[in-house]
1. Please list, ordered by chain and number, the residues whose modelled amide H lies under 5 Å from the amide H of MET158; skip anything fewer than 5 residues away on the same chain.
2. For the stretch 96-168, what class follows from the C-alpha gyration tensor (a ≥ b ≥ c being the square roots of its eigenvalues): rounded when a/c is under 1.5, otherwise prolate if a/b is larger than b/c, else oblate?
3. So, for the stretch 6-79, what is the accessible surface per residue at a probe of 1.4 Å, expressed in square angstrom?
4. Checking the a/c ratio against 1.5 first, then a/b against b/c, what shape does the Cα gyration tensor give for the stretch 6-79?
5. Please compute the modelled spin-label separation between ARG69 and HIS167, points set 7 Å along Cα→Cβ, answer in nm with one decimal.
6. On a straight-distance basis, which lysines could pair with LYS151 in a cross-link, Cα separation under 27 angstrom, same-chain partners fewer than 8 positions away excluded?
7. Determine the relative contact order of the stretch 112-188: mean sequence separation of Cα pairs under 8 Å and six or more apart, normalised by residue count, in whole percent.
8. Could you give each residue of the stretch 175-186 its phi-based ³J(HN,Hα) in whole Hz, using Karplus coefficients 6.51, -1.76, 1.60 with θ = phi - 60°, and x for Gly or Pro?
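The values are calculated or read from the model by the stated rules, or taken from the named source; none is laboratory data. All values derive from a computational prediction rather than experimental measurement. Cβ placement follows ideal geometry from the backbone for every residue including glycine, while neighbour counts extend to all protein chains displayed. The accessibility values were calculated without ligands, DNA or RNA, using every heavy atom of the protein model including side chains. Shrake-Rupley method; radii C 1.70, N 1.55, O 1.52, S 1.80 Å.
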Amino acid sequence: MKLGEQRDGSVKNCVQQHPYLALVAGYVVIFFIAGAIRLAFVPGDLADAAVHTIMNTLVYWLLALFQLRNLRKTNARLKDRGQLRAYIRYPEARPGSLSGIWNQGIVTPAAGSLQFQPAVYDNLEASGRATTLKVERVLPQRWKVTGRNRKYIGSFGMYAVTVLTDHGKVELAASPESLDRLAEALAG
């Protein structure tokens, strides 16, 4: 390391650089914690605890794998239709309404407008009536949605933009790739 250089060894950067290694490390940690809990509460030998722990952690990982597969299928379906998964809120609405709560849905962008269809569940089953917003301008600033600002957003790594529409100011949160696709569609 050169003089004046700082080394960023944060856990987040390590996980981003080596995601599969982080996955294996996470599995090992969960394995030992689950095994210790099993030995503490269910008397038995070490081999019995190890077998039960392996089976339980594998079941949890399989459930997570199916969840990720369904998420990828849903995202591919939306991309084929020119749509994207997004969250929307109205910061100028009355307090207690949709001013601080992100509403999940499907956004269908077009030149100068976007249609927002509220949706529920991970497969984005439509719920409610679609709203068409005429976009006057998209502000260029993006910010990461974190902490208390994430109310009702189940995904991590979401960024938000402010969109000025005929209905007033709207904040739209989505993945960075989806926001890029949104900007392209609105400009076209």
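1. Amide H neighbours of MET158, under 5 Å, 5+ apart: VAL145.
2. On the way: a/c = 1.65, a/b = 1.11, b/c = 1.49.
Oblate, because a/c is 1.5 or more while a/b does not exceed b/c.
3. Working: 6090 Å² over 74 residues.
With the other protein chains kept in place, the stretch 6-79 gives 82 Å² per residue.
4. oblate
5. A separation of 3.7 nm, rounded to one decimal place.
6. Reachable lysines: LYS12, LYS73, LYS79, LYS134, LYS169.
7. Values: 113 pairs, mean separation 20.4, N = 77.
Reported relative contact order: 26 percent.
8. 5, x, 5, 5, 5, 5, 5, 5, 4, 4, 5, 5
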